[in-house]
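Notes for the one structure printed next.
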Amino acid sequence: MILNEDVFKPTEIYNFILTKVKKLREHVLKMQLSDKEAKERQEEIKKRLDSIVNELEKKIKELKNNSEWDRFTVAFYGETNAGKSTLIETLRIMLNEKEKLKDREKYKEIDDYINSLKNQRGTHDDKIKESVEKYEQALASIMENIKSFETELDDLRENLKILKDSDEEFQEELNEIKELINKEKSSSFKNFILWLLKRLPEQKNLLVIKNKIKENSVKIKEVEANEKTVSRKIEKINKETSILENTKNKEINECNKQILVLDKKIQDANENIEKYCDGKIIGDGSSDYTRDVTSYEIEYNEEKFCLLDLPGIEGNEKLVLDNINKAVKKSHAVFYISASPNPPQSGNKENSGTIEKIKKHLGDQTEVYFIYNKKIKNPKMLKSSLIDYDEDDSLKETDKILSRTLDTQYSGNISLSAYPAFLAVGNCCNRDETSKIKFLENLNVETLLSFSQVEEFKNWLTESFVKNTKDKIRRANYKKVYSVIDETTIEIEEQNRILNLVKESLERNSKNTESNLDSILIRMKHKFRTELDYSLDEFEQNLRAAVYTEIDRYIDNTEFKKIFEDRYEEYSGMLSSNLQTRFEALNEEFKSEIKNTLEEHNKIRAELIKTYNMRYSIEEKFDFNFEFKSNINKTGMIISVGGAIAGIILAISNPAGWVVLGLAILHGLISIFKSIRGFFDNDYRAGQQRNTTNSKIAEIKEALRREVERKLPEIDKNLNDAIKEIKESLSDENKEVDNMINTFENTKNEFYELSLNIQNRDN
């Protein structure tokens, strides 16, 4: 098969394959099977081969629709919570993915706006602080004055109290003196005259007290006047203080109003900035968090490639399986991400394990890498080395298992820790912001990136892995194409192997059946002759006994002859009937044994086919259930053989011919007996009659044996022909299997040739 160079243009390769497949199907559909029963199976063969062709065509079309020729695509594959999205998100940041860059620019814009608002808020906070400080200083000074005036007022009030107390004392003393004077003045006339003519000492004291009261009154008035003055001053200061407080509160309230406005703007901005935070694609660890495949376009160092974030493989695969398959077929390389360095586990008959899923999903990939993403959620886990000895041993074992599973597609393992790297470079919000602060308390961004080995991975990815992507794309796509073809070829080859096993088993069954038929043939030939001997012996015994009974009556020879002939005619008829019955029973026995043998043959045949169908039925692969019908029409064949034998039996057991034959042998009995009739007594005559009976019966028996045995070769021939015909049918019934084997072999060779041409072109 020579392929035109134009065929291998990316736009034409699938069309070429589909055309080739259709031609192959046409070839298969034109196959003809000669045998009548095989013709009935022709549709079955066509359907089975159509299933191969249709399945291959489906896969080719699927590849055509999903394969990517223009951009190098890498799928991130693995279990939920393995860190696929975290690693992709970190790479998006580090590689300046366009959409991520837009988000980060928007984040910076909003973050700058928030900082501006915070600065404005800080300005108002400062104004409030300044106002408070300014007014507090003024109020402090005022309060000092108030305190001074209040002290002065207290002193005045204390003096006033003292003066008022003194005034009360003076008044009491004045009243006492007045009372004393009056008392002295009224005590006697003499004292009265003396009071008139001369002032009494009490009167002098009275004047003194009055003067003191007057002086004290003046002082009280002065103090009261001073008190009022100080009170007015205090009142004035209090008014000034109130005014100052109001002014301060007004200024502060105005600032607080502005702060509330700014706080609302900051809150709104913080809510808005969350839309543009890094890490939104990172799951929360729940199963099926990611159900859809997300594509991220990267352009770095003049190379364009695409990263695909796939759903977790252990989730509800009914929901995500189709997306995973499409994404894997679209990709040219796969990074299998795992949070454990240990090898993936196998499953069981009921549930597929991770290793089976990997084989199923990734078997067509040209490059598959195992990435151990070590989970580090706490800075205390940061050590001198990312990978310890135990993890290194586990990774070596993982390499062995994945190499066995994926063969040459497996390219090795890579170790890193995505989350610390994400914290180092990401604009984190909410759950990750606190972690970022903790991680960067004692480490800088560069150190954290270096420890995580994500920086190293990024450099390898951009500087080595995505180089010469056109060649990688071509090789990957060609690999997928001929992998599908090879997979189908292997399946066809496997089915061909199974067919050959079926053929061998069916042939052994046929050989066993043939051997059983030979045994039946030998046994039936022997039985026909045994039944003949038994019937003749019975005839001999019965005829002799009947004739002997008559001889015992001492009959004469004339009556003896008549009786002998009559009894012979009677018992030859019974012989004919018995022989026919027994031969017919043998015929039925022959047909029954043949029928049972063929039924057992077909039963074993059906069980063999069922066993192979069950043993080699492979899920999600081509299901070829063999339902070969037996080419032996046992009912019609047996009836035909039995009828032929029955005709021979009728010809053998002809009583009319046997009577003539017997009478010819009995001819001359009378003349013999007449010549010796009068010379012997009754006993002697009876003895002679018995001897004659024995000899003639022996002659008749032998003559009848020869007559029957003359016909037995015809029965043998029919038995031989029947067995021969059945054996030929047994041989013919396996031709269908041979036809199918040839069909599968031709189909396999067609696919081999197609695959080799694609591989040669790829190389």
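Some notes on this structure:
- Condition broken by residue 692, with the remaining ones in (1) farther than 30 Å from residue 503 by Cα; (2) buried (at least 16 other Cβ atoms within 10 Å of the Cβ); (3) polar (S, T, N, Q); (4) modelled with pLDDT under 75 satisfied: (4)
- Out of 446, 456, 441, one residue alone is at pLDDT 85 or above, more than 30 Å from residue 298 (Cβ to Cβ) and assigned by TED's automatic domain parsing to the domain that holds residue 377. It is 441.
- Within region 408-517, helices (runs of 4 or more DSSP H) holding 1 or more residues that are surrounded by fewer than 16 Cβ atoms within 10 Å (Cβ to Cβ) and among the hydrophobic types (A, V, I, L, M, F, W, C): 431-439, 445-452, 454-460
- Options 565, 538, 550, 531: the member that is over 30 Å from residue 607 (Cβ atoms) and free of Cβ contacts under 8 Å to residues at least 24 places away in the same chain: 550
- Of residues in region 388-402 being of a type in the set (Ser, Thr, Tyr) and surrounded by 15 or more Cβ atoms within 10 Å (Cβ to Cβ), the one farthest from the chain's Cα centre (by Cα): 394
- The single condition among (1) surrounded by fewer than 17 Cβ atoms within 10 Å (Cβ to Cβ); (2) in contact (Cβ under 8 Å) with a residue 60 or more places away in the chain that residue 382 does not meet is (1).
- Flag for residue 231 being surrounded by fewer than 11 Cβ atoms within 10 Å (Cβ to Cβ), assigned by TED's automatic domain parsing to the domain that holds residue 144, within 30 Å of residue 151 (Cβ to Cβ) and modelled with pLDDT of 75 or more: no
- Within region 328-379, the residues that satisfy the criterion of being modelled with pLDDT under 85, touching a helix residue (DSSP H, G or I) at 6+ places or on another chain (Cβ under 8 Å) and in a helix (DSSP H, G or I) are 328, 329, 330, 355, 358, 359, 361, 362.
- Here is the figure for region 79-133: residues that are of a type in the set (Ser, Thr, Tyr) and either under 47 Å from the mean Cα position of the chain (by Cα) or outside any helix (DSSP H, G or I) (or both) total 5.
- Residues of region 297-311 that are surrounded by 17 or more Cβ atoms within 10 Å (Cβ to Cβ), in a strand (DSSP E or B) and not acidic (Asp, Glu): 298, 300, 305, 306, 307, 308.
- Filtered residues of region 580-594 (kept if closer than 17 Å to residue 522 by Cβ and β-branched (Val, Ile, Thr)): 594
- Among the residues of region 529-555, those that are acidic (Asp, Glu) and surrounded by 14 or more Cβ atoms within 10 Å (Cβ to Cβ) comprise 531, 538, 540, 550.
The values are calculated or read from the model by the stated rules, or taken from the named source; none is laboratory data. Predicted model only: the values in this text are computed from it and were never measured. A quick note on method: Cβ atoms are made from the backbone with ideal geometry, for glycine too, and the neighbour counts reach across all protein chains shown.
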